[in-house]
Amino acid sequence: MELSVTRRQLEFIRSTAFETLFGGAAGGGKSYAQLIDALIFALQYPGSKQLVLRRTFPELKRSLIQVSLSLYPTSIATYGETSHRWKFVNGSVIEFGSCDSENDVTKYQSAEYDVIRFDELTHFTKFQFTYLLSRVRGVNGYPKQVKSSTNPGGVGHGWVKARYIDCLVPGEEKDGRLFLPARVQDNAFLMKNDPDYVHRLELLDERSRKALLYGRWDLFEGSILASFPRNCMSVCRRIRFPAGGNGILRSTTDWICWRRSGLRSHRTARHGSTGRYTAPG
């Protein structure tokens, strides 16, 4: 069996970090790299167990499962339509799963996996990701890893950015984590077979174009800030309620945002702190 991969896909496959994120532009070959990496791991480590996740099963079925059916050789593995698992002749298993609701992670509470793979990581919540980290375990001596792929944006954009983008140098492992940026131009196979793909991405709205064409992470989508006009808010790490009036207190993992319509100048907060807020107009 002969497989062709890009340089960046090969870096993802070769990564030995406990957590690896292959993230950025659409068309970078991220999901394909997940399937190739899973296949190589299954063949290299007999009896190994891997879990490949998307947030919803319909997404999984029309993407990764469909591609795996045309990619994985049936001479060495069989796919179970009801179990959603590839079973290899050497005893290895690649299981496909989903976590549609927040508590769906409990489906895996007694399971053990050598590798868990999140496709479109920004579609998952931080709670789901953190809980499933505990399922990466075993006594077989095989490598234990969490490998993720994603585009920017989505409900988990904020925590994924904080965990991998803000604190890591691309391509350099730190504290068991590695971030590999994805660019559509890195996928020579796509550029050759569908050269107009970049043009179609250029037709998207500004936010989608930033995320999917350029792989930009400086987006508000996925955080509470997305719902606030940028000219009517300030963001700070600690905040006190201004004296008088009602405000709206919203929080994310790292930031707290307070907004009050009509507030135009400095106000002294109840406990002596001050904050500056500007309203529209």
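The values are calculated or read from the model by the stated rules, or taken from the named source; none is laboratory data. In this text, all values refer to a predicted model and were calculated from it rather than measured experimentally. Glycine also receives a Cβ, built like all others from the backbone with ideal geometry; neighbour counts cover every protein chain displayed.
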(message) Just to be sure I understand the filter: pairs with C-beta atoms under 9 Å, separated by 6 or more residues or on different chains, first member in the stretch 80-98 and not assigned by TED's automatic domain parsing to the domain that holds A111, second member surrounded by fewer than 18 Cβ atoms within 10 Å (Cβ to Cβ) and outside any strand (DSSP E or B). Which pairs pass?
(response) none
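Identify all residues within the stretch 70-91 that are in contact with a helix residue (DSSP H, G or I) (Cβ under 8 Å, 6 or more places away or on another chain) and not in a loop (DSSP other than H, G, I, E, B); write none if there are none.
Step one: list which residues in the stretch 70-91 are in contact with a helix residue (DSSP H, G or I) (Cβ under 8 Å, 6 or more places away or on another chain), which gives 71-72, 76-77, 79, 84, 86, 88, 90.
Hits for the stretch 70-91 are L71, A77, Y79, W86, F88.
With the requirement that a residue be among the polar types (S, T, N, Q) and either modelled with pLDDT under 95 or exposed (fewer than 11 other Cβ atoms within 10 Å of the Cβ) (or both), what does the stretch 80-98 give you? Write out each step before concluding.
Initially, the stretch 80-98 is screened for residues among the polar types (S, T, N, Q), giving 82-83, 90, 92, 98.
T82, the sole residue that qualifies.
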(message) Need the failing condition index for T20 against (1) among the polar types (S, T, N, Q); (2) surrounded by fewer than 19 Cβ atoms within 10 Å (Cβ to Cβ); (3) in contact with a helix residue (DSSP H, G or I) (Cβ under 7 Å, 6 or more places away or on another chain), just the number.
(response) (2)
(message) With farther than 24 Å from A182 by Cα, without any contact (Cβ under 8 Å) to a residue 24 or more places away in the chain and in the same structural domain as R117 (by TED's automatic domain parsing) as the only criterion, which of S101, S48 stands out?
(response) S101
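Can you say whether I94 is in a strand (DSSP E or B) and of a type in the set (V, I, T), as far as the supplied structure shows? Talk me through it step by step, then tell me what you get.
Numbers: in a strand (DSSP E or B): yes; of a type in the set (V, I, T): yes.
It is true that I94 is in a strand (DSSP E or B) and of a type in the set (V, I, T).
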(request) Within the stretch 1-50, work out how many residues are under 24 Å from A162 (Cβ atoms), modelled with pLDDT of 85 or more and not in a helix (DSSP H, G or I). (result) 8
(request) Tell me, yes or no, whether the stretch 37-56 has at least one residue that is farther than 25 Å from Q128 by Cβ, touching a Lys or Arg at 6+ places or on another chain (Cβ under 6 Å) and hydroxyl-bearing (S, T, Y). (result) no
(request) Only residues that are of a type outside the set (G, A, S) and surrounded by 15 or more Cβ atoms within 10 Å (Cβ to Cβ): list them for the stretch 59-70, please. (result) E59, L60, L64, I65
(request) Kindly provide the set of residues from the stretch 139-154 that are among the small types (G, A, S) and either in contact with a strand residue (DSSP E or B) (Cβ under 9 Å, 6 or more places away or on another chain) or not assigned by TED's automatic domain parsing to the domain that holds V93 (or both), ordered by number. (result) S148, S149
(message) Testing A77 on (1) of a type in the set (A, V, I, L, M); (2) more than 26 Å from G23 (Cβ to Cβ); (3) surrounded by 21 or more Cβ atoms within 10 Å (Cβ to Cβ), one condition comes back false. Which one is that?
(response) (3)
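For every residue, the table says whether it meets (1) surrounded by fewer than 23 Cβ atoms within 10 Å (Cβ to Cβ); (2) over 18 Å from the mean Cα position of the chain (by Cα); (3) assigned to a strand (DSSP E or B); (4) of a type outside the set (V, I, T).
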{"position": "D100", "(1), (2), (3), (4)": "yes, no, no, yes"}
{"position": "D104", "(1), (2), (3), (4)": "yes, no, no, yes"}
{"position": "I116", "(1), (2), (3), (4)": "no, no, yes, no"}
{"position": "S149", "(1), (2), (3), (4)": "no, no, yes, yes"}
{"position": "V155", "(1), (2), (3), (4)": "yes, no, no, no"}
(request) Those residues that are in contact with a Lys or Arg (Cβ under 7 Å, 6 or more places away or on another chain) and of a type outside the set (A, V, I, L, M, F, W, C), I need them from the stretch 64-79; list them, please. (result) T78
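Is it fair to say T125 is within 14 Å of the chain's Cα centre (by Cα) and among the β-branched types (V, I, T)? If you could, list the steps in order and put the result at the bottom.
On the way: within 14 Å of the chain's Cα centre (by Cα): yes; among the β-branched types (V, I, T): yes.
Judged against the criteria, T125 is a match.
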(message) If I36 meets every condition in (1) under 17 Å from S92 (Cβ atoms); (2) out of contact with any helix residue (DSSP H, G or I) (no Cβ under 7 Å at 6 or more places or on another chain) apart from one, which number is that one?
(response) (2)
